[in-house]
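So the structure is just underneath, and the comments pick up after that.
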Amino acid sequence: MINKKQLREQYRLLKPVMGVYRLVFTIDGTEYYGWTKTLDRIENTLFFRLSVQALQNYSELQKRFNEFHREAFDFSIVETLSYENDEHDYDEELALLLELYMQNNPKAKEIHV
């Protein structure tokens, strides 16, 4: 049986999955792309913030969510980025990865939650 000290150490060593995600408004196919260092939490965070109207900076997205609700959106993880160095900050790499997706999908919109 694993003791609490070992569990704490295992948790401390866990690295969250990071990468690029996509949100699609299924009614007209509008795509939104974003990156995060916590892919395992971003879907819940995104839809919670939309549900409490906390994404007013994205007025078109917020308006669509208010009118059509969660059922009108598809969320997916499009690419993950692996850790190579624990000390490295991956913001630049994630931003470049997002930029590639944005270039390949010129009608898509960028989102930061």
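General observations
- Which numbered condition ALA54 misses (of (1) over 14 Å from ALA108 (Cα atoms); (2) among the small types (Gly, Ala, Ser); (3) buried (at least 16 other Cβ atoms within 10 Å of the Cβ)): (3)
- Take the conditions (1) touching a residue at least 40 places away in the same chain (Cβ under 8 Å); (2) touching a Lys or Arg at 6+ places or on another chain (Cβ under 7 Å); (3) not polar (S, T, N, Q); GLY34 misses just one of them, which is (2).
- Region 11-23 residues that are of a type in the set (Gly, Ala, Ser), paired with ones that are in a loop (DSSP other than H, G, I, E, B) (beta carbon under 9 Å, 6 or more apart): GLY19/LYS37
- Criterion violated by LEU97 - all others in (1) surrounded by fewer than 10 Cβ atoms within 10 Å (Cβ to Cβ); (2) in contact (Cβ under 8 Å) with a residue 60 or more places away in the chain; (3) among the hydrophobic types (A, V, I, L, M, F, W, C) satisfied: (1)
This table checks each residue for (1) within 20 Å of THR26 (Cα to Cα); (2) in contact with a Phe, Trp or Tyr (Cβ under 6 Å, 6 or more places away or on another chain).
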{"position": "ALA54", "(1), (2)": "no, no"}
{"position": "ASN57", "(1), (2)": "no, no"}
{"position": "ASN66", "(1), (2)": "yes, no"}
{"position": "ASP89", "(1), (2)": "no, no"}
{"position": "TYR101", "(1), (2)": "yes, yes"}
{"position": "ASN104", "(1), (2)": "yes, no"}
{"position": "ALA108", "(1), (2)": "yes, yes"}
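- Applying the condition of being among the β-branched types (Val, Ile, Thr) and surrounded by 12 or more Cβ atoms within 10 Å (Cβ to Cβ) to region 4-51 and asking which residue is farthest from GLU99 (Cα to Cα) yields THR45.
Taken together, the values in this text are just the output of simple stated rules run on the coordinates, not laboratory data. Keep in mind it's a predicted model, so treat the numbers as computed, not measured. Methodologically, a virtual Cβ is constructed for each residue, glycine included, from the backbone with ideal geometry; neighbour enumeration extends over all protein chains shown.
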